[in-house]
Amino acid sequence: MSVDAYLNFNGNCRQAVEFYAEVFGTEQPSIMTFGETPPNTEFTLPEEAKDLVMHTRLNINGSNIMFSDTFPGMPFVEGNNISLAYVSNDLDEIKSIFNKLSEGGTVGVELQETFWSKIYGQLTDKFGIKWQFNFEN
């Protein structure tokens, strides 16, 4: 189980994560773009999103820092572009913590299976803190 920082960028995530990798002397990150996601017949991916970073991470001195670009058209406010990611290999624990943190807060993405995870969800708690939840084997 871990709680990791998740940083969002406005189209310059690749440059930022490569810079941080150099600064902290980490391995070059593996980068997944929105264009690499499985096709969805119900949604056409905008051309300007295809090369944007959907997800990458660095391990900096034992801490995972995750990164992505915001999807075109989604709000981006520099300085507010961070969330906490709760990562666990215990589905019941994820569900329990998600439900507790959602009390008085706002659920952005209900817990659901995705192509990368058995369960994923997002919420903003009653104190305005943004959380992401992810199952990891």
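The values are calculated or read from the model by the stated rules, or taken from the named source; none is laboratory data. In this text the structure is predicted, and so the values were computed from the model without any measurement. Here the Cβ positions follow ideal geometry from the backbone for every residue, glycine too, while neighbour counts run over all protein chains shown. Accessible surface areas use protein heavy atoms only, side chains included; no ligands, DNA or RNA. Shrake-Rupley method; radii C 1.70, N 1.55, O 1.52, S 1.80 Å.
Given the condition in contact with a strand residue (DSSP E or B) (Cβ under 9 Å, 6 or more places away or on another chain), within 18 Å of TYR120 (Cα to Cα) and in contact (Cβ under 8 Å) with a residue 12 or more places away in the chain, answer yes or no: does some residue in the range 24-32 qualify? Yes. Of everything in the range 7-33 that is hydroxyl-bearing (Ser, Thr, Tyr) and outside any helix (DSSP H, G or I), the residue that is farthest from MET54 (Cα to Cα) is THR26. Number of residues in the range 102-120 that are touching a residue at least 24 places away in the same chain (Cβ under 8 Å) and touching a strand residue (DSSP E or B) at 6+ places or on another chain (Cβ under 6 Å) equals 2. Answer with yes or no whether GLY104 is over 22 Å from VAL17 (Cβ atoms) and assigned to a strand (DSSP E or B). No: the conditions fail for GLY104. It is to be established whether one or more residues within the range 107-129 are open to solvent by 70 Å² or more (accessible area, probe 1.4 Å) and small (Gly, Ala, Ser). Scanning the range 107-129 turns up no residue that is open to solvent by 70 Å² or more (accessible area, probe 1.4 Å) and small (Gly, Ala, Ser). Evaluated against (1) open to solvent by 60 Å² or more (accessible area, probe 1.4 Å); (2) under 21 Å from ILE129 (Cβ atoms); (3) in contact with an Asp or Glu (Cβ under 8 Å, 6 or more places away or on another chain), SER88 falls short on exactly one condition, (1). Counting only residues that are surrounded by 15 or more Cβ atoms within 10 Å (Cβ to Cβ) and at positive phi, the range 26-67 holds 0 of them.
Go through the range 83-101 and count every residue that is free of Cβ contacts under 8 Å to residues at least 24 places away in the same chain and assigned to a loop (DSSP other than H, G, I, E, B). Spell out the reasoning first.
Let us first name the residues in the range 83-101 that are free of Cβ contacts under 8 Å to residues at least 24 places away in the same chain, namely 92, 96, 99-100.
Filter again for assigned to a loop (DSSP other than H, G, I, E, B), leaving none.
Residues in the range 83-101 being free of Cβ contacts under 8 Å to residues at least 24 places away in the same chain and assigned to a loop (DSSP other than H, G, I, E, B): 0 in total.
Of the residues contained in the range 44-67, one or more are found to be within 27 Å of LEU101 (Cβ to Cβ) and among the charged types (D, E, K, R). Criterion applied to LYS50, LYS100 was being over 15 Å from VAL3 (Cα atoms) and in contact with a helix residue (DSSP H, G or I) (Cβ under 9 Å, 6 or more places away or on another chain), and the one residue passing it is LYS50. Within the range 34-51, residues that are in contact (Cβ under 8 Å) with a residue 12 or more places away in the chain sit with their Cβ atoms under 8 Å from residues that are surrounded by 10 or more Cβ atoms within 10 Å (Cβ to Cβ) and of a type in the set (Lys, Arg), at 6+ positions apart or across chains, in these pairs: PHE34/LYS50; GLY35/LYS50.
Can you tell me which residue in the range 12-23 is nearest to ASN61 (Cα to Cα), limited to those that are touching a strand residue (DSSP E or B) at 6+ places or on another chain (Cβ under 8 Å) and open to solvent by 40 Å² or more (accessible area, probe 1.4 Å)? If you could, list the steps in order and put the result at the bottom.
Keep residues of the range 12-23 that are touching a strand residue (DSSP E or B) at 6+ places or on another chain (Cβ under 8 Å), which gives 12-14, 16-17, 20-21.
If we keep only those that are open to solvent by 40 Å² or more (accessible area, probe 1.4 Å) too, we end up with 12, 14, 20.
On the way: ASN12: 23, ARG14: 20, TYR20: 12 Å.
Result: TYR20.
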